[in-house]
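Colleague: Questions regarding the structure given below will be posed in turn.
The values are calculated or read from the model by the stated rules, or taken from the named source; none is laboratory data. Keep in mind it's a predicted model, so treat the numbers as computed, not measured. FYI the Cβ positions are ideal-geometry reconstructions off the backbone, even for glycines, and counts take in every protein chain you see.
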Amino acid sequence: MCHEEEKIPYNVVEEFDLMDGGDPTTPPRFSCEQCGGEMYPEYYKEVQGHEYKLSDVL
Ligand SMILES: [Zn+2]
């Protein structure tokens, strides 16, 4: 939300994705340490093959 960027290792994102209830339609999201807003992965391809891009939500 504040356009802060954070590099998160793929395996950490994947772990988050598996923990979020296993909904395949939602990518893992993180809380921004700067503003508490939601961070969306710039690019993420999950185990089942879904691909998410930041441009999808902008
Ligand atoms: Zn932020």
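Colleague: Going residue by residue through the range 17-36, is there one that turns out to be at pLDDT 80 or above, surrounded by 12 or more Cβ atoms within 10 Å (Cβ to Cβ) and of a type in the set (Gly, Ala, Ser)?
Modeller: No: zero hits.
Colleague: Among the residues of the range 9-58, which ones are of a type in the set (A, V, I, L, M, F, W, C) and within 16 Å of the ligand (Cβ to nearest atom)?
Modeller: Those that are of a type in the set (A, V, I, L, M, F, W, C) and within 16 Å of the ligand (Cβ to nearest atom): 30, 32, 35, 39, 54, 57, 58.
Colleague: Sticking with this one: How about the range 38-53: which of its residues are surrounded by 15 or more Cβ atoms within 10 Å (Cβ to Cβ) and part of a loop (DSSP other than H, G, I, E, B)?
Modeller: Listed by number, the residues that qualify are 40, 41, 46.
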